[in-house]
Amino acid sequence: TRPAQHRESSFGARDFGGFQDCFFRDRPMDTARIAVVGAGVAGLSTAVCISELAPRCSVTVISDKFTPETTSDVAAGMLIPHTYPDTPIHKQKQWFRETFNHLFAIANSAEAGDAGVHLVSGIKGSGGWTLTRRVEDLWELHPSFDVVVNCSGLGSRQLAGDSKIFPVRGQVLQVQAPWVEHFIRDGSGLTYIYPGTSHVTLGGTRQKGDWNLSPDAENSQEILSRCCALEPSLHGACDIREKVGLRPYRPGVRLQTELLARDGRRLPVVHHYGHGSGGISVHWGTALEAARLVSECIHALRTPTPKSKL
């Protein structure tokens, strides 16, 4: 195995052919090329699952932003079940159970001290690439990739033409308060205090349809006031930093395959987005399902199409 390698580029869409030659010059002819668009918790988890489960494939993660500039980096990272109205309950339970089991295994491993109560990013030992660039159209990844996984979150409004997904703005404060060792959360979940490995996260806001990524001073003051009411010792917190993220909300997580076709050419796309604020809680379960869909796409690509007899 080799560690993930990083490439940064501002090349245009037509230059993907050059990346194809560079990345896959020595690959076996039957290696399927997989592009995962989006580098949040959903995208990276899907890349890992595909690397582990899909047969004979190479994985490239493509995003205009990587950690620490993703929405996932702003999230407090608590494992709490979330409800998706348009997704069957049994499927939600499966995703949460698989994600819980994954995180529970980490908590009981030698890496628990490094991971803390949060999942942390690291090097994917099964190999892969990262590429910094903006994707304007999923079709531009053809023919450099055989399968595309769309984990672009809110970017799917443009990339997938999905009007069902919209932002729910979340503003939080990251403060230094090392004496806070236990989380506190009010009944509605709007006000919360979550201690992490390097800071305490104070929240928050749920502003539907708000695309503003700039911190709002009034929001910050209100958050601090509400959290201090729950834990008065936070009046002594220092190094207060404002953070804003846009939750990619959708009535149901979109996990399905779509076949794009142009001029007789085809590009399978596996959509995996729309987790809202529940990405941390179900990400591994949904990533496993996305990887299974990718495996099905790879199998279909390798299965010869029967020729009709005239």
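The values are calculated or read from the model by the stated rules, or taken from the named source; none is laboratory data. The structure presented is a predicted model; accordingly, all values stated were derived computationally and were not measured. Counting neighbours? That spans all protein chains shown, and the Cβs are built from the backbone with ideal geometry, glycine included. Remember, those area values only see protein heavy atoms, side chains included, never the ligands or the DNA or RNA. Shrake-Rupley method; radii C 1.70, N 1.55, O 1.52, S 1.80 Å.
If the condition is being under 22 Å from Ile34 (Cβ atoms) and in contact with a helix residue (DSSP H, G or I) (Cβ under 7 Å, 6 or more places away or on another chain), then segment 64-106 contributes Thr67, Ser72, Trp95, Glu98, Thr99, His102. Restricting attention to segment 199-223, the residues being out of contact with any helix residue (DSSP H, G or I) (no Cβ under 7 Å at 6 or more places or on another chain) and closer than 14 Å to Leu173 by Cβ number 12. When segment 256-310 is filtered for residues that are crowded, with 23+ Cβ neighbours inside 10 Å, more than 16 Å from the chain's Cα centre (by Cα) and of a type in the set (S, T, N, Q), nothing remains.
Considering segment 212-249, and only residues there that are under 30 Å from the mean Cα position of the chain (by Cα), open to solvent by 70 Å² or more (accessible area, probe 1.4 Å) and hydrophobic (A, V, I, L, M, F, W, C), the residue that is nearest to Lys164 (Cα to Cα) turns out to be Leu213. Can you find even one residue in segment 29-39 that is of a type outside the set (Val, Ile, Thr), over 12 Å from the mean Cα position of the chain (by Cα) and either open to solvent by 40 Å² or more (accessible area, probe 1.4 Å) or modelled with pLDDT under 80 (or both)? Yes: one or more hits.
In segment 179-203, the qualifying residues are those that are in contact (Cβ under 8 Å) with a residue 60 or more places away in the chain and in a loop (DSSP other than H, G, I, E, B), and the one that is least open to solvent (accessible area, probe 1.4 Å) is Gly189. At pLDDT 90 or above and either over 25 Å from Ser63 (Cα atoms) or not in a loop (DSSP other than H, G, I, E, B) (or both) - does that describe any residue in segment 110-125? So far as segment 110-125 goes, no, none of its residues is at pLDDT 90 or above and either over 25 Å from Ser63 (Cα atoms) or not in a loop (DSSP other than H, G, I, E, B) (or both).
Residues in segment 60-108 that are more than 16 Å from the chain's Cα centre (by Cα), hydroxyl-bearing (Ser, Thr, Tyr) and open to solvent by 50 Å² or more (accessible area, probe 1.4 Å): Thr83 only.
For segment 244-302, the set of residues classified as of a type in the set (Lys, Arg) and not in a helix (DSSP H, G or I) consists of Arg247, Arg250, Arg254, Arg262, Arg265, Arg266, listed by residue number.
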